[in-house]
Amino acid sequence: ADLITNVSHDLKTPITAVKGYVEGIMDGVANTPEKMDRYIRTIYNKANEMDRLINELTFYSKIDTNRIPYTFSKIHIADYFDDCVEELNLELDAQHVDLTYFNYLEDDPVVIADAEQIKRVINNIISNSVKYMSTDRKGIINIRISDADDFVQVEIEDNGKGIATKDLTKIFDRFYRTDASRNSTRGGSGIGLSIVKKILEDHGGKVWATSKEGVGTTMYFVLRKYQEVPVS
């Protein structure tokens with residue numbers, strides 16, 4: 001029931017916004033091309049948000065019954081991130097967030113992973129970052145990928161509000177929200193990061209975070225490199 005309450009609350013916010021903006025268009029408030037463009041963009045973003053929530057729900061019910069349909073394959077992680085960042089750039093640009101990407105990998109490691117689910121991990125972490133951006137400064141997200149012995153390490157750093165130390169270990173728990181008050185305009189059903197944790201554990205990887213309140217948060221996750229076993 002907790003989940004239902006959370007999600008219905010979280011769907012209400014974008015729906016209310018969509019209704020408001022559509023009414024604005026109907027009433028002729030969006031009376032310049034710029035305004036119209038802004039209204040339509042916002043409606044589109046809010047619809048995407050609802051879409052994401054509903055997908056998360058469907059996915060969540062699969063987690064609960066351990067029925068996530070993984071399709072593992074060999075992934076060249078550098079190429080994969082190049083594509084990913086290109087897509088994210090478009091999305092974040094629309095939300096006025098600057099994204100910078102650094103690839104520190106020595107060679108071209110391959111990981112065995114489910115491309116779609118790792119994408120979900122990245123999207124969930126980033127949408128979480130965007131949700132808690134400070135309103136008083138431009139949002140910045142840095143993505144870094146580097147070698148960590150037998151693993152590839154991914155860092156996603158933001159300049160958001162930050163997370164209190166006491167909350168840091170709990171953010172990956174189901175339905176955990178650092179803002180206990182349900183009236184948060186930012187919402188977030190609190191399932192995004194628990195999904196991240198589950199997918200990474202199913203990949204034999206792990207996720208953790210560091211944060212400074214008022215400065216920002218960095219999420220880290222690792223995926224094991226694939227190594228050809230020499231046939232003797």
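The values are calculated or read from the model by the stated rules, or taken from the named source; none is laboratory data. Predicted, not measured: the structure shown is a model, and the values here were computed from it. FYI the Cβ positions are ideal-geometry reconstructions off the backbone, even for glycines, and counts take in every protein chain you see. In case anyone asks, the SASA skips ligands and DNA or RNA and just uses the protein heavy atoms, side chains included. Shrake-Rupley method; radii C 1.70, N 1.55, O 1.52, S 1.80 Å.
Couple of notes before you dig in:
- DSSP-loop trypsin sites (Lys or Arg not before Pro) across segment 78-171, with at most 11 other Cβ within 10 angstrom: 137, 138
- Sequence-separation-based contact order of segment 1-73, relative, with Cα cut under 8 Å and 6+ spacing, percent: 34
- Förster radius 41 Å - calculated FRET efficiency between residue 22 and residue 70 (Cβ-Cβ, nearest 0.05): 0.60
- Per atom type, the chain shows carbon and sulfur on 52% of its accessible surface, probed at 1.4 Å.
- Charge tally around residue 217: other residues with Cβ under 10 Å, Lys/Arg +1 each, Asp/Glu -1 each, net -1.
- Two-decimal ratio, the chain, of alpha-carbon radius of gyration to 2.2 N^0.38 Å: 1.09
- Averaged over its residues, segment 51-137 has an accessible area of 56 Å² per residue, based on protein heavy atoms and a 1.4 Å probe.
- Among 195, 154, 102 - extreme Cα towards positive end, dipole of the chain, charges at beta-carbon: 195
- Sequence-separation-based contact order of the chain, relative, with Cα cut under 8 Å and 6+ spacing, percent: 19
- In a reduced charge model with +1 at each Lys and Arg Cβ and -1 at each Asp and Glu Cβ, the chain shows a dipole moment near 1100 debye about its Cα centre.
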